[in-house]
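Shown next, in structure tokens, is the structure this report addresses.
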Amino acid sequence: MDPRIPRVRRKLAAVPFEPLRSHSFGEEHHRFRLGPRSSEARIAAFESEHRVALPEPYRQFLLHIGGSGAGPFYGLRGLSAALFTLRERRAPGVPRGFDRASGTEEGDLYLHIVEMGCADVCLLALTGSLAGRVVIGNKDGYWGPNVSSARDFLAWYERWLDHMARGWDNRALELTSPRLHCHPNSHRLAPRI
């Protein structure tokens, strides 16, 4: 087991109770709860069906922490998620979008791991030079892919937990610091004119 697994478990259990933590967009949806862990058989079936190998840190997360639920945006999708490929560049300077993989295409494969809403996608690269890295983009290509600086899925997930616990802003993880939230009665606190 990856030595980061127990640490990530502890952080996930503690972060909802941090008094000055950041607000994570979509947390009302998953409420920091995880879905059931995936079995080795379920992971092997997925890999066999799609002819891919899941990156080891993601596999460890599925086996030892949870299969879906608590995560950035609306939460982790689990292994029932779709596979995508990066669309070919249509013109210089035009961002590239993602197409749902049909199983016959050439090119790198990405697993849709986090529900972001609308046409935005958070993907885990399964093949190619970015294998194991988290990539955020827009399916329609309205904004180009952004590769996370985290070296793998567990580092990316732990970064989300750390930034949230510290009350930091992080646009890429859609975190809002408590300092940016206005007081719920701010309209009553305004001076009288």
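The values are calculated or read from the model by the stated rules, or taken from the named source; none is laboratory data. Because the structure is a prediction, the values reported are computed rather than measured. Cβ sites come from the backbone with ideal geometry, for glycine too, and all protein chains shown count toward neighbours. The accessibility values were calculated without ligands, DNA or RNA, using every heavy atom of the protein model including side chains. Shrake-Rupley method; radii C 1.70, N 1.55, O 1.52, S 1.80 Å.
Summary table below
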{"read-out": "Surface/4 estimate of mean projected area, convex hull on alpha-carbon atoms of region 62-132, nm²", "value": "5.8 nm²"}
{"read-out": "Geometric extent, Cα atoms of region 118-170 - Rg, Dmax (angstrom)", "value": "12.2, 35"}
{"read-out": "At 0.890 mPa s and 25 °C, Stokes diffusion of region 1-91 via Kirkwood alpha-carbon radius, µm² per second", "value": "165 µm²/s"}
{"read-out": "In degrees, nearest ten, helix 153-165 long axis to first principal axis of the chain (Cα)", "value": "0 degrees"}
{"read-out": "Rg/Rg_globular for the chain, with Rg_globular taken as 2.2 N^0.38 Å and Rg from C-alpha atoms", "value": "1.13"}
{"read-out": "Most mobile listed residue (Glu40, Glu106, Glu28) in the chain, GNM with C-alpha springs under 10 Å", "value": "Glu106"}
{"read-out": "Gained length - Ser48 relative to Asp169, 0.36 nm times residue gap less alpha-carbon distance", "value": "39.6 nm"}
{"read-out": "Exposure rank, largest accessible area first [Met164, Met116, Met1; 1.4 Å]", "value": "Met1, Met116, Met164"}
{"read-out": "Arg9-Glu56 pseudo-label distance in nm [points 7 Å out on the Cα-to-Cβ vector]", "value": "2.0 nm"}
